[in-house]
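The block underneath contains the structure these notes are about, expressed in structure tokens.
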Amino acid sequence: MIFRQLFDSVSGTYSYLLASRRGGEALIIDPVLDKVDHYLRVIRELDLKLVKAVDTHLHADHITGLGALRDKTRCITVMGEQSQADVVSMRLSDGERLQIEGLALEAIYTPGHTDDSYSFVMPDRVFTGDTLLIRGTGRTDFQNGDARQQYESIFGRLMKLPDTTFVYPAHDYKGDTVSTIGEERAFNPRLQVASVDEYIALMNSLNLPNPKMMDVAVPANRHVGLHQDEIARHGWAISACDAIAMAGRSDFTWVDLREPSERMRAGIIPGSLHVPYPALRENLGAGGILSELAKSTGKPVLFYCAFGERSAMAVEAAREAGLDTARHIQGGVDAWKKVGGPLTQ
Ligand SMILES: [Fe+2]
């Protein structure tokens, strides 16, 4: 496995780049906007292809790199389903897998620092965001933080992992880089409490000043979505309402870009083809399913995904590959469902 721990010294943020080799698919956890050029250089130097950028929660102390990475690499942005970010490409819920080629991380919902905090578990390590820090825990006094929930997340979820599990947090301010579950259980001063009430009292007595960047970072991080209106202005988008009227007709080849788990959870628009977004490029190229279909049927492609981001990027990729009649459903299955579009399991 390729694993890089990257540091932003301004906000004390750790970001993590992960990949397994073969095609070089990579994902990054908790990227910082100011460091995006640095990440892209490392990704280029290691000959990787960024496919997912993930935030463990909506950060208050730095502006996320999710939007910039998506715009520069066409990667997928990922957060938990509770996130107040306006649009991300893909939302995960407790127990779902965050996957790239050769790697799978289990998303576990660990609220408390915020109500949208997730941790990501691999067999030998866990990325804990701000839920569990090294010899500390994330504050619980804003963004719907809740010390009781955090206690449950830490003792009920994270501390159930094997003692040898490496702990990789989203922040450190003292120079520590990694710990283990066993080490934190024994030496983390916040965890030396006899009851949940004692933990709540401890967290409520911290009286911390707000993060310096908070007033800038939180609004910016809520507006991370791709500008789908740009695509619509070009006439490359179809609203969910208009798409419903076209359902069952054969003027388009409908293509679902989501992952199998999303299709299972939300359902499928009847009569559509499945081409997962990571496989898009090869399918648009010479000999690929989409380019061959377009040639043989003469029909334009209508892409859709969960929220309209992957499909908007797919329209651009298709145009670059010469399929300039491609369109997408603005707002994705989310919008489709809201206007009563039919879905099958
Ligand atoms: Fe945080």
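Structural remarks
- Here the extension length gained between CYS241 and GLU282 equals 11.7 nm, from 0.36 nm per residue of separation less the Cα-Cα distance.
- DSSP beta bridge pairing in the chain, given as percent antiparallel to the nearest 5: 55
- Within the chain, helix-based [θ] at 222 nm, where runs of 4 or more DSSP H residues each add -39,500 (n - 2.57), nearest 500: -7500 deg cm²/dmol
- Dipole of the chain [Lys/Arg +1, Asp/Glu -1 at C-beta], most positive-end residue of VAL178, GLY235, MET159: GLY235
- Number of Lys-Lys pairs in the chain with C-alpha atoms under 30 Å apart and a separation of 8 or more places or on different chains: 21.
- Debye, to nearest 20: dipole size of segment 1-129, +1 on Lys, Arg Cβ, -1 on Asp, Glu Cβ: 600
- Across segment 110-154, the mean sequence separation of Cα contacts (distance under 8 Å, 6 or more residues apart), normalised by length, yields a relative contact order of 50 percent.
- Accessible area (Å², 1.4 Å probe, nearest 10) - TYR14: 10
- Debye, to nearest 20: dipole size of the chain, +1 on Lys, Arg Cβ, -1 on Asp, Glu Cβ: 740
- Residue order for LEU191, LEU161 - accessible surface, 1.4 angstrom probe, largest first: LEU161, LEU191
- Candidate residues TYR168, TYR304: accessible-area rank, largest first, probe 1.4 Å: TYR168, TYR304
- Amide H contacts under 5 Å for PHE7: SER15, restricted to partners 5 or more places along the chain or on a different chain, H placed in the peptide plane at 1.01 Å from N.
- Residues ASP197, ASP8, ASP176, ASP34, sorted by accessible area with the largest first, give ASP34, ASP197, ASP176, ASP8 [1.4 Å probe; ligands and nucleic acids excluded].
- Average accessible surface for the chain: 43 Å² per residue, computed with a 1.4 Å probe over protein heavy atoms with every protein chain in place.
- From the largest down, segment 1-73 spans 36, 22, 20 angstrom on the principal axes of its Cα atoms.
- Fraction of accessible area attributable to carbon and sulfur, the chain (%, probe 1.4 Å): 52
- Within a Gaussian network of the chain (alpha carbon springs, distance under 10 Å), most fluctuating of GLY175, GLY129, GLY24: GLY175
- Whole-number percent relative contact order across segment 24-64, with pairs defined as alpha carbons under 8 Å at least 6 apart: 60
The values are calculated or read from the model by the stated rules, or taken from the named source; none is laboratory data. Just so you know, these numbers come straight off a predicted model, no measurement behind them. When we count neighbours, we look across all protein chains shown, and the Cβ atoms used for this are built from the backbone with ideal geometry, even at glycine. Accessible surface is based on the protein model in full, side chains and every heavy atom, while ligands, DNA and RNA are left aside. Shrake-Rupley method; radii C 1.70, N 1.55, O 1.52, S 1.80 Å.
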